[in-house]
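Okay, so here's the structure we're looking at.
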Amino acid sequence: MTELRIRPARLAEIPRVVEIETQADQVFRTVGLPELAQDPPDPGRREALAREGRLWVLERVTTLAGFVTAELLDGHAHVGQLSVAPEHAGHRLGRRLLEHVEHWGRAQGCPATTLTTFVDVPWNAPYYTRLGYAVLPAEQWGPGLTRTMQREAGLPGLGAAPRCAMIKPCPSADGA
């Protein structure tokens with residue numbers, strides 16, 4: 001079995017994190033969202049998240065293969081960005097990164113994990129549904145999630161396809 005490890009990102013790794021996100025975003029060209037592939041990630045934002053301890057990388061043996069960012073939003077853990085390098089896709093690394101945020105949120109006392117995503121992109125909402133996430137109706141969004149959805153709608157390419165917010169409750173302490 002390949003050795004996998006998720007750990008906090010180091011500042012020196014930000015260029016690789018940006019490279020992973022840029023490479024991973026190229027797949028959006030295949031679903032008619034080329035603007036996402038052309039909009040470069042903000043290294044300064046990734047650096048700030050690393051300094052705050054909210055950016056984790058996934059090492060596969062000795063290579064950075066993916067990353068995830070998170071924040072606390074409306075009392076929930078919220079996945080900000082999840083990217084896996086294309087050469088490492090198909091090995092359930094995204095699932096591992098999501099689970100990391102879910103565990104982080106549970107340790108923070110959060111009752112659930114949220115994220116925002118495209119409705120019809122196969123590796124977005126349909127994928128998250130298979131992992132136990134459900135669409136969160138707009139009338140149930142808190143103010144933070146509402147602001148996030150509004151901000152994202154104004155980003156290049158994000159207004160081009162239907163998006164949704166999703167939620168996954170944390171299991172209770174007794175496993176129910």
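Each value in this text was obtained by applying a stated rule to the coordinates, not by laboratory testing. Keep in mind the model is a prediction, meaning the values are calculated, not measured. Note that each Cβ is placed from the backbone with ideal geometry, even for glycine, and that neighbours are counted across all protein chains shown.
What the table shows:
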item: The chain, helix-only ellipticity at 222 nm - DSSP H runs n ≥ 4, -39,500 (n - 2.57), divided by all residues, nearest 500; result: -9500 deg cm²/dmol
item: Label-point separation, C170 to R10 (7 Å along Cα→Cβ), nm; result: 3.0 nm
item: Ranked packing of 71-83, 3-15, most packed first, by mean Cβ within 10 Å; result: 71-83, 3-15
item: Ranked R151, R45, criterion: other C-beta atoms within 10 Å, fewest first; result: R151, R45
item: Stretchable slack from L72 to L155, in nm (0.36 nm times residue separation minus alpha-carbon distance); result: 27.8 nm
item: Top of V101, V135, V68 by mean-square fluctuation, Gaussian network on the chain, Cα under 10 Å; result: V135
item: Amide proton proximity set for G75, modelled H, under 5 Å, gap of 5+; result: none
item: Charge dipole magnitude, Cβ of K and R +1, D and E -1 - the chain, Cα centre, debye nearest 20; result: 280 debye
item: Cα-derived Rg to Rh of segment 1-84, Kirkwood definition; result: 0.99
item: Rg in Å to one decimal, and Dmax rounded to a whole Å, for the chain via C-alpha atoms; result: 15.5, 46
item: Spin-label pair R29/R51, simplified geometry with 7 Å Cα→Cβ offset, distance in nm; result: 3.4 nm
